[in-house]
1. Within segment 133-145, which residues are of a type in the set (Phe, Trp, Tyr) and either more than 23 Å from PRO156 (Cβ to Cβ) or surrounded by fewer than 17 Cβ atoms within 10 Å (Cβ to Cβ) (or both)?
2. Are any residues in segment 100-132 crowded, with 19+ Cβ neighbours inside 10 Å and under 14 Å from THR68 (Cα atoms), and if so, which ones?
3. Which of the residues belonging to segment 24-68 are among the hydroxyl-bearing types (Ser, Thr, Tyr), over 20 Å from CYS134 (Cβ atoms) and either crowded, with 19+ Cβ neighbours inside 10 Å or in contact with a His (Cβ under 7 Å, 6 or more places away or on another chain) (or both)?
4. Answer with yes or no whether ARG164 is within 21 Å of THR37 (Cα to Cα) and either at pLDDT below 95 or part of a strand (DSSP E or B) (or both).
Amino acid sequence: MTDQRSPHLRPGGPADAPAVLRLLDDATAWLVARGRTGQWGTGPASTDPRRIAQAEAWATGGGLWLATLGEHPVGALVVGAATAYVPPATEPELYVNLLVTDRAHAGSGIGGRLLAYAAELARERRLGLLRVDCYAGDDGALVRWYERQGFTATDPFTVERPGRDPWPGQVLVRRLP
């Protein structure tokens, strides 16, 4: 039975890298089962040295937040500086580097709750701009999901990946009052 209580948000730390990798693995498997392999490929993040290092950096970088039901992580948010492959912001911002949720709780608002918390963090830092990028391939469903969360698509971009297909991305912004 799925626990329908509201998730608790807590800061992440070094011990949470495996939880982030599990969430990424589960989301990747969910995407693969639906034939959507362009976003994160087909292999688990937990066996990819680059993704393992990335999760460890997120877990030790001070920008990781976890949504938990009981002690079980059901979502992860990483905020910080924009990634190098996106056009730079023209004003101070908070950037969403990662948003992933447990697909077993799809539709329960965990992703929206984490984005609302990112907006709270930006306001606390007196920043009026929250940005995120996402996969813009396939049918554009992920871009539309962010738009439903109050973001506006701005800059499309492409990440060239030697030996693999280019990765189409979209930057989205949300102005904060």
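The values are calculated or read from the model by the stated rules, or taken from the named source; none is laboratory data. All values reported here derive from a predicted model rather than from experimental measurement. Cβ sites come from the backbone with ideal geometry, for glycine too, and all protein chains shown count toward neighbours.
1. So the first thing to find is which residues in segment 133-145 are of a type in the set (Phe, Trp, Tyr), and the list is 135, 145.
Selection gives TRP145 alone.
2. VAL100, THR101, ASP102, HIS105, SER108, ILE110, GLY111, LEU114, listed by residue number.
3. Here is the first cut: in segment 24-68, the ones among the hydroxyl-bearing types (Ser, Thr, Tyr) are 28, 37, 42, 46-47, 60, 68.
If we keep only those that are over 20 Å from CYS134 (Cβ atoms) as well, we get 46-47, 60, 68.
Listed by number, the list holds a single entry, THR68.
4. It is true that ARG164 is within 21 Å of THR37 (Cα to Cα) and either at pLDDT below 95 or part of a strand (DSSP E or B) (or both).
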